[in-house]
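Structure first, then comments.
The values are calculated or read from the model by the stated rules, or taken from the named source; none is laboratory data. For clarity, every value in this text was computed on a predicted model and none was experimentally measured. All Cβ positions, glycine included, derive from the backbone under ideal geometry; neighbour counts span all protein chains shown.
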Amino acid sequence: MENFCGTFESIVKNVEKVIIGKRETIELLLIAFFCDGHVIIEDIPGVGKTSLASAVSRSVQCSFRRIQFTPDVLPSDITGFYIYNQKSGEFEFRKGLVMSNIILADEINRTPPRTQASLLEVMEERQVTVEGNTFKLPSPFMVIATQNPAEYLGTYPLPEAQIDRFFLKLSMGYPQIEEEMQMLARFKETSPLFELEPVVEKEEIIKMQAQVRQVYVDNSISRYIIEIINKTRNHNDIILGASPRASLCLYRGAQGWALRQGRNYVLPDDVKKLVIPVLSHRLMLKQEAKIKRISTEEILCDILHSVKIPSVNILDRRHAL
């Protein structure tokens with residue numbers, strides 16, 4: 001556990017050389033990474049979405065690709081394609097842009113649905129299929145997508161099937177005045193992003209991902225998670241509740257957050273910490289709720305207050321990983 005916490009903290013501090021005042025956002029993104037999940041960051045332009053993704057990728061010794069999604073990007077650009085080699089007289093496979101450990105899908109909602117759909121198999125099965133042939137993606141693998149809010153012109157809303165594949169959703173928000181002052185001073189001559197060096201190797205990341213799965217989850221915690229999920233499926237203001245995949249993400253996210261806190265067992269507070277980032281983007285509200293300007297975050301807070309918090313006996317579970 002100490003190695004996990006120490007390495008986790010070193011990555012956070014490295015990213016904070018570029019991203020100022022967003023420690024919790026950085027930590028949640030890394031939780032998704034070590035839980036083998038994907039992240040979507042939605043916010044207005046210019047608040048550091050792309051910089052955050054780039055800083056994380058530079059902090060770990062993994063291959064990285066940035067894909068700028070535009071209306072003219074084709075599915076074959078993402079997955080790869082076969083091309084005829086006149087010298088050999090055979091068709092050769094040219095790897096697509098997703099053949100990397102970390103993918104930054106920049107402004108993912110600015111590309112048409114057919115190109116967005118090329119990521120469905122990639123994000124779930126960690127593979128691409130081209131003309132009947134399947135190619136495995138490298139491990140670890142993570143998609144960090146950024147998007148501007150849907151009310152901006154020239155965007156294509158993501159389908160529910162793709163939204164549900166994102167482990168959690170984050171936003172950056174504006175910095176505080178003092179934080180923005182620090183940013184101006186730090187970026188005065190050059191961007192510190194270009195000077196970042198990796199602080200953890202790929203093999204260590206794979207070990208840390210395995211550690212997360214070993215964190216103990218009591219049956220009462222599992223039931224607590226399912227009760228929260230079930231409430232979203234029977235809420236008066238929700239037309240589409242959380243899926244079974246969401247249950248797995250909340251379960252795994254609680255394990256990751258517990259390990260980040262230096263524990264090898266999950267508490268109810270770990271679950272509550274991950275409920276909004278894991279579930280908020282997965283819920284579809286009824287039109288009446290939208291008219292009343294009720295947010296998914298408000299509904300999830302109400303659900304948390306309505307579900308009984310379990311008491312967990314962890315005295316005999318404090319064994320080292």
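For the stretch 271-279, indicate whether the set of residues that are surrounded by 16 or more Cβ atoms within 10 Å (Cβ to Cβ), out of contact with any helix residue (DSSP H, G or I) (no Cβ under 7 Å at 6 or more places or on another chain) and under 19 Å from CYS5 (Cα atoms) is non-empty. So far as the stretch 271-279 goes, no, none of its residues is surrounded by 16 or more Cβ atoms within 10 Å (Cβ to Cβ), out of contact with any helix residue (DSSP H, G or I) (no Cβ under 7 Å at 6 or more places or on another chain) and under 19 Å from CYS5 (Cα atoms).
When you go through ILE225, ILE221, ILE229 one by one, which is the residue that is touching a Phe, Trp or Tyr at 6+ places or on another chain (Cβ under 8 Å) and either buried (at least 21 other Cβ atoms within 10 Å of the Cβ) or free of Cβ contacts under 8 Å to residues at least 60 places away in the same chain (or both)? Give the steps one after another, and end with the answer.
Details: ILE221 fails: touching a Phe, Trp or Tyr at 6+ places or on another chain (Cβ under 8 Å); ILE229 fails: touching a Phe, Trp or Tyr at 6+ places or on another chain (Cβ under 8 Å).
Only one candidate qualifies: ILE225.
Of everything in the stretch 12-24 that is under 16 Å from the mean Cα position of the chain (by Cα) and over 17 Å from SER191 (Cβ atoms), the residue that is surrounded by the most Cβ atoms within 10 Å (Cβ to Cβ) is VAL12.
Search the stretch 104-142 for residues being of a type in the set (Asp, Glu) and closer than 21 Å to ARG94 by Cβ, and hand back the single one that is modelled with the lowest pLDDT.
That would be GLU131.
Quick one: which residue in GLU201, GLU178 is within 22 Å of the chain's Cα centre (by Cα) and of a type in the set (D, E, K, R)? Quick ask: steps written out before the conclusion?
Details: GLU178 fails: within 22 Å of the chain's Cα centre (by Cα).
The match here is GLU201.
Please determine whether any residue of the stretch 106-125 is on the phi > 0 side of the Ramachandran plot and in a strand (DSSP E or B). I'd like the intermediate steps shown before the answer.
Filtering the stretch 106-125 down to residues on the phi > 0 side of the Ramachandran plot leaves 107.
From what is left, the residues that are in a strand (DSSP E or B) are none.
No: the stretch 106-125 contains no residue that is on the phi > 0 side of the Ramachandran plot and in a strand (DSSP E or B).
A single member of PHE33, PHE64, PHE4, PHE8 is surrounded by 22 or more Cβ atoms within 10 Å (Cβ to Cβ), closer than 21 Å to LYS207 by Cα and not hydroxyl-bearing (Ser, Thr, Tyr), and it is PHE33. Of all residues in the stretch 31-43, those satisfying the criterion of being of a type in the set (A, V, I, L, M) and either out of contact with any Ser or Thr (no Cβ under 9 Å at 6 or more places or on another chain) or without any contact (Cβ under 8 Å) to a residue 24 or more places away in the chain (or both) are ILE31, ALA32, VAL39. Does GLN214 satisfy being of a type outside the set (A, V, I, L, M, F, W, C), touching a helix residue (DSSP H, G or I) at 6+ places or on another chain (Cβ under 9 Å) and surrounded by 13 or more Cβ atoms within 10 Å (Cβ to Cβ)? Criteria not met by GLN214.
Those residues that are under 20 Å from the mean Cα position of the chain (by Cα) and without any contact (Cβ under 8 Å) to a residue 24 or more places away in the chain, I need them from the stretch 232-260; list them, please. Steps first, answer last, please.
Taking the stretch 232-260 and keeping what is under 20 Å from the mean Cα position of the chain (by Cα), we get 241-260.
Those that are under 20 Å from the mean Cα position of the chain (by Cα) and without any contact (Cβ under 8 Å) to a residue 24 or more places away in the chain: PRO244, SER247, LEU248.
For the stretch 25-52, a residue qualifies if it is under 11 Å from the mean Cα position of the chain (by Cα), among the hydrophobic types (A, V, I, L, M, F, W, C) and farther than 22 Å from GLU125 by Cα, and the qualifying residues are ILE26, LEU28.
Yes or no, residue by residue, for (1) farther than 20 Å from LEU104 by Cβ; (2) of a type outside the set (Lys, Arg); (3) part of a loop (DSSP other than H, G, I, E, B):
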{"position": "THR129", "(1), (2), (3)": "yes, yes, no"}
{"position": "THR134", "(1), (2), (3)": "yes, yes, no"}
{"position": "THR146", "(1), (2), (3)": "no, yes, no"}
{"position": "PRO149", "(1), (2), (3)": "no, yes, yes"}
{"position": "TYR156", "(1), (2), (3)": "no, yes, yes"}
{"position": "GLN162", "(1), (2), (3)": "no, yes, no"}
{"position": "LYS169", "(1), (2), (3)": "no, no, no"}
{"position": "PRO175", "(1), (2), (3)": "yes, yes, yes"}
